[in-house]
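Only one structure is covered here, and it is reproduced in the block below.
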Amino acid sequence: MTIAITGASGHLGKATLRFLMQQITPGNIIAVVRDADKMKDVSGIQVRVADYDDAASLRAAFAGVEKLLQISSASYGAHATQQEKNVVEAARAAGVQHIVYTSSVNLAEQPIFHGAQTNVQTEKAIRDGGFAYTFLRDSMYMETIPLFIGAAMENGQIYYPAGNGRVSFVARTDIAEALANVLAAPKGHVNAVYDITGSHAYSFQDIAALLQNIKGLPAAYTDIPAGAFREELIKLEMPPVAVDFYLSMAESVKEGEFEHVDGALEHLLGRKPLRLEDYMKAV
Ligand SMILES: NC(=O)c1ccc[n+]([C@@H]2O[C@H](COP(=O)([O-])OP(=O)(O)OC[C@H]3O[C@@H](n4cnc5c(N)ncnc54)[C@H](OP(=O)(O)O)[C@@H]3O)[C@@H](O)[C@H]2O)c1
């Protein structure tokens, strides 16, 4: 069984690769990356260079691949959707049989979150492409909390326009281990769809309380207007498509798109997932 992983130089891809190497002969694993130098710290695997924007490079990288872990694009909006389409089309042209794809939790037909909108289209392209498929619909990574609450990890003050919306935060390392288990299962998980979440959903008020209890910070959550958040993102000199992406993320949290809690991850891991409290103690 030859298994390829896109985005293998990224956080999720490399962590999955390391778990998979414990279960599959490393020589049968292909890391598909745009910069081979980033894989120098992993030995024994195959490394192929391809870019999501270059269809021919993707087709060449997928030659002889039976199972593909398609990690969702790190781009925004229509560009992300096109990149993911390129991956699916190249996989079909190369004869890939099974795609394992990282999608968004509790996927609605018309989600608010722009990333989830891309996921809807890619899931459809994979199903329509006649592949065996496995979708791991991930909630938000715990590891991104320090990024989007900014200085709050130091001063406890969270400013975010998410109302009382809750998020079933999940450890990216747990997702990686679950992905490796799915990839290594010889016949399993064909045409399965899993919501991959932590065991509890937390509001940003809850996160402030955790910062207070665990870090001893004088913490508070302020639900700021979306317009003020937009101004902050513009000040960071983000391109408009990224500003819209992050605004859509906050709105989707507010509307409950990330609050679903599911037991699939515990089942795939054979143990309890990491709790947000334990993650917060460690960072
Ligand atoms: N659920 C969540 O909370 C959450 C949070 C963040 C991201 N995500 C999604 O989950 C994915 C994996 O997360 P992550 O933390 O591993 O992200 P990451 O560390 O940013 O990794 C992204 C990967 O995509 C690769 N990539 C970017 N542009 C590419 C291109 N044009 N062609 C080929 N490869 C390209 C990167 O390659 P380089 O190493 O060369 O840059 C890297 O390997 C992200 O891409 C995003 O779709 C989900």
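Out of all the residues in the range 20-53, which are more than 9 Å from the ligand (Cβ to nearest atom), over 17 Å from P186 (Cβ atoms) and not aliphatic (A, V, I, L, M)? Within the range 20-53, P26, G27, D37, K40, D41, S43, G44, Q46, R48 meet the criteria. Taking the criterion of being closer than 23 Å to R275 by Cα and in a helix (DSSP H, G or I), the residues of the range 121-143 that qualify are M142, E143.
Only residues that are touching a Phe, Trp or Tyr at 6+ places or on another chain (Cβ under 6 Å), in a strand (DSSP E or B) and hydrophobic (A, V, I, L, M, F, W, C) were counted in the range 157-193, giving 3. Scanning the range 1-19 for residues that are within 11 Å of the ligand (Cβ to nearest atom) and of a type in the set (K, R) gives a single hit, K14. Checking each residue in the range 62-80 for being open to solvent by 20 Å² or more (accessible area, probe 1.4 Å), within 17 Å of L247 (Cα to Cα) and either near the ligand (Cβ under 10 Å from one of its atoms) or part of a loop (DSSP other than H, G, I, E, B) (or both) picks out A74, S75, Y76. Here V182 meets the list (1) free of Cβ contacts under 8 Å to residues at least 12 places away in the same chain; (2) open to solvent by less than 70 Å² (accessible area, probe 1.4 Å) almost entirely, failing just condition (1).
Of the candidates L147, L136, the single residue that is among the aliphatic types (A, V, I, L, M), surrounded by fewer than 16 Cβ atoms within 10 Å (Cβ to Cβ) and within 14 Å of the ligand (Cβ to nearest atom) is L147.
The values are calculated or read from the model by the stated rules, or taken from the named source; none is laboratory data. On a predicted model such as this, the values are computed, not experimentally measured, just so you know. Note that we place each Cβ from the backbone using ideal geometry, even for glycine, and neighbour counts take in every protein chain shown. Note: areas computed on protein heavy atoms with side chains; ligands, DNA, RNA excluded. Shrake-Rupley method; radii C 1.70, N 1.55, O 1.52, S 1.80 Å.
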